[in-house]
Amino acid sequence: MAMVTMIDLLNLQQGVGFELINETLVNFPELATIPTQGLNGNSMRLTVRTERGTANFRNYNEGTAYTKGEWETRVFEAMPITKRVGVDQEEADQFTPEGKARLFAEEVSESLESAASLIGTQTWYGNTAQAVADAKGFPGVIDQMNTGTDYNTTAGGTTALSSVYFTQIAPNKLYLLLANGKPIGMEPSWRLDTILDSSSNPYDAYVNKISGGIGLRVANRKCIGRIHNIDASANPLTWALLRTAMNKYLAQNGGMRPTHIWLAPRSVEQLWNALVTTETVNPDRPTSFMGVPFVETGSISIAETV
């Protein structure tokens with residue numbers, strides 16, 4: 001079953017900035033990997049699976065007990081995201097039509113990058129107390145995943161911390177939610193308006209904005225595992241920590257592996273350092289664990305607090 005991501009939708013939309021989408025958003029794998037789910041409006045009551053029912057073999061002429069999955073209903077909401085852009089009219093009008101189009105395209109690229117960075121960070125940190133989290137944004141993976149040691153493994157650090165996430169990208173697992181089923185995007189055309197500078201003085205400018213509603217749904221809370229409290233040196237990410245977290249994940253998901261392991265570049269560097277020996281001074285940078293690919297992302301902080 002094909003799953004559509006935010007970047008897929010932006011490319012299909014072919015609006016302002018279409019040519020820049022892949023180039024601009026390549027550094028934000030959350031938008032290129034996590035599938036989307038449209039909402040009717042900006043919120044919806046949806047179910048979340050908390051436990052899976054069990055199947056049993058039986059003898060002929062012998063029954064088995066009824067079992068069922070455990071579900072709970074939650075209200076998921078896509079929160080509004082906006083970035084307004086203003087380009088001085090006199091500056092823009094000095095260019096040829098082609099030059100003006102390039103100027104606007106640069107503003108679109110910067111705006112898309114800014115929005116993508118915010119969405120990427122919010123995906124993980126949501127409404128937590130972490131400095132990179134935004135209380136006005138949508139609840140993230142940390143807010144929605146299962147708590148407890150069956151799903152969380154600590155590295156033992158206390159400062160300059162980071163995390164690693166095990167996820168399944170598959171139907172009914174993890175989604176970015178889109179208000180009205182539409183991705184974020186720029187308005188189709190720029191318009192003239194009077195705006196204010198930093199000193200509240202007015203000037204005429206071409207204006208546009210990115211807008212949309214974004215949320216996150218962890219549809220199956222068992223599909224997320226985490227290693228946390230990874231510091232810069234004394235308590236780094238190790239292969240042993242990955243094994244421990246993987247074993248927990250397999251136990252909670254009936255042997256099903258994650259499809260992706262998300263981590264900061266610093267964490268990959270720590271694993272790389274563990275491969276360096278006197279015989280192999282420059283090993284290949286690790287890209288997977290037990291066949292599960294790493295997804296390096298700048299959206300995972302290296303300045304988390306415990």
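The numbers here are math on the coordinates, done by the rules we state, and not lab data. All figures in this text were calculated on a predicted structure; none of them were measured in a lab. Positions of Cβ are generated from backbone atoms using ideal geometry, with glycine treated the same way; all protein chains shown enter the neighbour counts.
For helix 97-125, what angle does its Cα long axis make with the longest principal axis of the chain, in degrees from 0 to 90 and rounded to 10?
In the chain, helix 97-125 runs at an angle near 30 degrees to the longest axis.
Please compute the contact order of segment 171-306 in relative form: average sequence separation of alpha-carbon pairs under 8 Å and at least six residues apart, divided by the residue count, as a percent.
Averaging sequence separation for qualifying contacts and normalising by length gives 20 percent for segment 171-306.
Could you check how many percent of all C-alpha pairs in the chain are farther apart than 26 Å?
Numbers: 25106 of 46665 pairs.
The proportion of pairs with Cα distances above 26 Å equals 54 percent.
Amide H neighbours of T153 under 5 Å, counting only residues 5+ apart in sequence or on other chains, H built in-plane at 1.01 Å?
Correct list: R226, I227, H228.
What angle do you read, to the nearest 10 degrees and between 0 and 90, between the alpha-carbon axis of helix 239-252 and the longest principal axis of the chain?
It is inclined by approximately 70 degrees.
Could you give me the ³J(HN,Hα) list for segment 174-183, computed from phi with Karplus coefficients 6.51, -1.76, 1.60 and θ = phi - 60°, whole Hz, x at Gly and Pro?
After applying 6.51 cos²θ - 1.76 cosθ + 1.60, I find 9, 9, 8, 9, 10, 4, 6, x, 10, x Hz.
What fraction of the DSSP beta bridges in segment 184-297 is antiparallel, stated in percent and rounded to the nearest 5?
Details: 10 of 13 bridges.
Around 75 percent antiparallel, to the nearest 5.
If you place +1 on the Cβ of every Lys and Arg and -1 on the Cβ of every Asp and Glu, how big does the dipole about the Cα centre of the chain come out, in debye to the nearest 20?
In total the dipole reaches around 1760 debye.
Counting alpha carbon pairs within less than 8 Å and at least 6 residues apart, what relative contact order, in whole percent, applies to the chain?
Result for the chain is 23 percent.
What are the residues whose amide H is under 5 Å from the amide H of I214, where those residues sit 5 or more places off or on another chain and H is modelled from the backbone?
M79, I81, A179
In whole Hz, what ³J(HN,Hα) sequence does segment 285-290 give by Karplus (6.51, -1.76, 1.60; θ = phi - 60°), x for Gly and Pro?
5, x, 10, 6, 9, 6
What is the magnitude of the charge dipole of segment 163-306 about its Cα centre, with +1 placed on the Cβ of each Lys and Arg, -1 on the Cβ of each Asp and Glu, and no other charges, expressed in debye to the nearest 20? Each step should come with its number before you reach the end.
Values: 13 positive and 10 negative charges, 181 e Å.
Using only the charged Cβ atoms, the result is roughly 880 debye.
I'd like the orientation of helix 265-275 relative to the chain: the angle between its Cα long axis and the longest Cα principal axis, in ° from 0 to 90, rounded to 10.
40
I need the GluC sites (Glu not before Pro) found in segment 197-306, filtered to DSSP loop residues with at most 12 other beta carbons within 10 Å of theirs.
Passing sites in segment 197-306 are E279.
Could you tell me how far the Cα centroid of segment 81-96 sits from the Cα centroid of segment 149-188, in Å?
34
At most 10 other C-beta atoms within 10 Å and a DSSP loop state: those are the exposed trypsin sites (Lys or Arg not before Pro) I care about. Give me the longest piece of the chain that has none.
In the chain, the maximal stretch lacking such sites is 137-306.
Please return the longest range in the chain lying between exposed loop sites, taking chymotrypsin sites (Phe, Trp or Tyr not before Pro), DSSP loop only, at most 11 other beta-carbon atoms within 10 Å, and leaving the sites out.
That would be 67-306.
Given the pairs K100/K182; K83/K182; K182/K222; K100/K209; K222/K248, which span a C-alpha to C-alpha distance of over 19 angstrom in this model?
Values: K100/K182 28 Å; K83/K182 17 Å; K182/K222 28 Å; K100/K209 17 Å; K222/K248 11 Å.
Table pairs above 19 Å Cα-Cα are K100/K182; K182/K222.
Pulled fully out, how much extra length does the chain show between N40 and T278, if you take 0.36 nm times their separation in residues and subtract their Cα-Cα distance? Spell out each step's value before the answer.
On the way: separation 238, 0.36 × 238 = 85.68 nm, distance 5.91 nm.
Fully extending the segment from N40 to T278 adds 79.8 nm.
List the GluC sites (Glu not before Pro) within segment 89-158 that DSSP assigns to loop and that have no more than 14 neighbouring Cβ atoms inside 10 Å.
Answer by residue number: there is no such site.
Before rounding to the nearest 500, sum -39500 (n - 2.57) across all DSSP H runs of length at least 4 in the chain and divide by the residue total; then give [θ] at 222 nm in deg cm²/dmol.
Values: 8 runs with 81 residues, N = 306.
That comes out to -8000 deg cm²/dmol.
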